[in-house]
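The next block holds one structure in the form of structure tokens; read it before the comments.
Derivation of every value follows stated rules applied to the coordinates shown; laboratory data play no part. On a predicted model such as this, the values are computed, not experimentally measured, just so you know. In this analysis, Cβ positions are derived from the backbone assuming ideal geometry, glycine residues included, and neighbour counts consider all displayed protein chains.
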Amino acid sequence: MAKEAAHHESSVTQSSRYTPPTPKEFYESPRWIPILMFAFIGLGVVSILTRYLIFENTNSPVLVGLGLMMAGLFTATKWR
């Protein structure tokens, strides 16, 4: 008759140290993150519109606007 394998306890024991729960602030972004994001995107749109309404000879406002919109998208990645 075959020997039955004995049921062994897990080799990983429970830690005796207390781990406090993670604070809510760790999972939530500060209130200024979405405000900054929308401000960057809004300023980028306004900058691009000024190229067509005011500065018709240069593309600098478009480059500035695209940079601001990219900053807004980067800020959006930090929003939880």
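Just a few scattered comments:
- Theoretical FRET efficiency, 1/(1+(r/R0)^6), r = Cβ-Cβ of F38 and T58, R0 25 Å, to 0.05: 0.40
- Length available on full extension from L66 to T22: 0.36 nm per residue minus the Cα-Cα distance, which gives 12.1 nm.
- Scaled to the globular estimate 2.2 N^0.38 Å, the Cα spread of the stretch 40-80, given as radius of gyration, is 1.25.
- Taking Lys and Arg as +1 and Asp and Glu as -1, the other residues whose beta-carbon sits under 13 Å from that of M37 total +3.
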